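J.: Below is the structure I would like to discuss, written out as structure tokens.
Laboratory data are not the source of any read-out in this text; all were calculated from the coordinates shown. Remember, predicted model here, so these are calculated numbers, not experimental data. Heads up, the Cβs are rebuilt from the backbone with ideal geometry, glycines too, and the neighbour counts pull from every protein chain shown.
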Amino acid sequence: MRIAIFSDIHGNLNGLNAVLEDIERRGGADAIVAAGDLVTDGPRPNQTFDRMVETGCLMLRGNHDEYLLGRGREMIQPEKQEDIWRQTLWVREQFGPERLALLEQQPFERVFSPDPAVQGHDLVVVHASLQSVYGFTGIPEQTEEILQELYGSAPTSVEIVAFGHWHFASVRTWRGLKLVNVASISYPKDRARLAGYTFFSWDKQARCWQIEQNRVPFDWREEARLLRECDMPGPAWHVERYYFEPEEEVMASVA
């Protein structure tokens with residue numbers, strides 16, 4: 001069994017295509033999972049969603065998908081609420097009832113059991129935690145108290161909890177669980193112009209999961225151009241993310 005998982009696509013069609021092509025180039029996967037935050041905050045929501053559907057991606061709902069379905073506005077930070085809601089309405093107007101209905105059908109989590117004869121190795125995929133699509137995740141710096149709240153309810157059958165939400169790849173072992181941030185396709189925390197995803201490959205002989213985290217380049221310039229040209233409300237910070245330059249380049253240009 002080989003599972004490819006990514007998260008936080010945010011309407012980045014170039015990034016999505018680059019990841020799908022890289023998965024295929026590396027031998028493909030038995031299942032491809034998009035772990036939420038699928039289409040908002042990007043210039044091509046419809047095309048991105050349709051691409052995942054036609055590719056057969058197994059999708060989950062994230063917090064931005066809940067917003068798109070008209071839920072969770074109260075969970076947005078007050079200072080960001082108006083901008084995010086306006087952007088969400090912009091996507092909703094384009095998306096249409098059929099796509100919204102299909103999005104509504106997507107589950108909170110997906111579970112993969114690699115071998116019926118071997119117990120205790122299930123892989124659970126969620127957007128953020130076992131409790132919610134909102135709030136904290138199991139990043140390496142997370143406190144023991146919060147981890148207990150987020151993942152302490154994991155059944156004994158679970159070995160790995162894979163998630164996105166916090167746009168940065170990581171692997172952390174906690175109380176026998178592996179907490180894996182699968183990385184984002186859009187807006188990574190380190191602002192690299194790369195899309196990320198993670199392979200989970202079941203080694204039948206060793207009876208364990210092999211974890212491989214990858215990042216791939218994509219045409220970020222076109223994404224930046226489309227963001228600048230589309231009429232999505234308040235896209236300024238999105239463009240800044242795509243055009244971000246390392247500090248030394250900025251300093252050189254000033255000099």
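J.: How large is Rg/Rh for the range 92-239, to two decimals, with Cα atoms and a Kirkwood Rh?
T.: Here Rg/Rh amounts to 1.02.
J.: Hey, another quick one. Can you compute the charge dipole magnitude of the range 82-198 about its Cα centre, using +1 on each Lys and Arg Cβ and -1 on each Asp and Glu Cβ, nothing else charged? Give it in debye, rounded to the nearest 20.
T.: 340 debye
J.: For the range 57-102, run through the trypsin sites (Lys or Arg not before Pro) and keep only the ones in DSSP coil with at most 16 other Cβ atoms within 10 Å of their Cβ.
T.: 71
J.: Given the chain reduced to its alpha-carbon atoms as identical point scatterers, what log10 I(q)/I(0) does the Debye formula return at q = 0.07, 0.16 Å⁻¹?
T.: Values, matching the q order: -0.24, -1.21.
J.: Using only Cα atoms, find the angle between the long axis of helix 13-25 and the longest principal axis of the chain, and express it within 0 to 90 degrees, rounded to the nearest 10.
T.: Here the helix axis deviates by roughly 30 degrees.
J.: Once the Cα atoms of helix 220-229 and of the chain are each reduced to a long axis, what angle between those two axes, in degrees from 0 to 90 to the nearest 10, is obtained?
T.: With both axes taken from Cα atoms, the answer is about 50 degrees.
J.: Next up: For a distance above 26 Å, tell me the whole-number percent of Cα pairs in the range 24-142 that qualify.
T.: Tail fraction, whole percent: 28.
J.: Follow-up. Hey, what do the phi angles of the range 50-63 turn into as Karplus ³J(HN,Hα) couplings, whole Hz, using 6.51/-1.76/1.60 and θ = phi - 60°, x for Gly and Pro?
T.: Coupling constants for the range 50-63: 4, 5, 5, 5, 5, 7, x, 4, 8, 9, 10, 8, x, 5 Hz.
J.: Here is a follow-up. Going by C-beta contacts inside 10 Å, put 223, 149, 141 in order with the fewest on the left.
T.: Numbers: 223 24, 149 16, 141 7.
So the ranking, lowest neighbour count to highest, is 141, 149, 223.
J.: Would you mind telling me which residue in 35, 169, 224 has the biggest mean-square fluctuation in a Gaussian network model of the chain, where springs connect alpha carbons within a distance under 10 angstrom?
T.: Among 35, 169, 224, the largest GNM mean-square fluctuation belongs to 224.
J.: Starting from the Cα of residue 213, step 7 Å along the direction of its Cβ; do the same at residue 26; then give the gap between the two resulting points in nm.
T.: 1.2 nm
J.: Say we join alpha carbon atoms closer than 10 Å with springs in a Gaussian network model of the chain; which of 170, 153, 201 then has the biggest fluctuation?
T.: Residue with maximal mean-square fluctuation among 170, 153, 201: 153.
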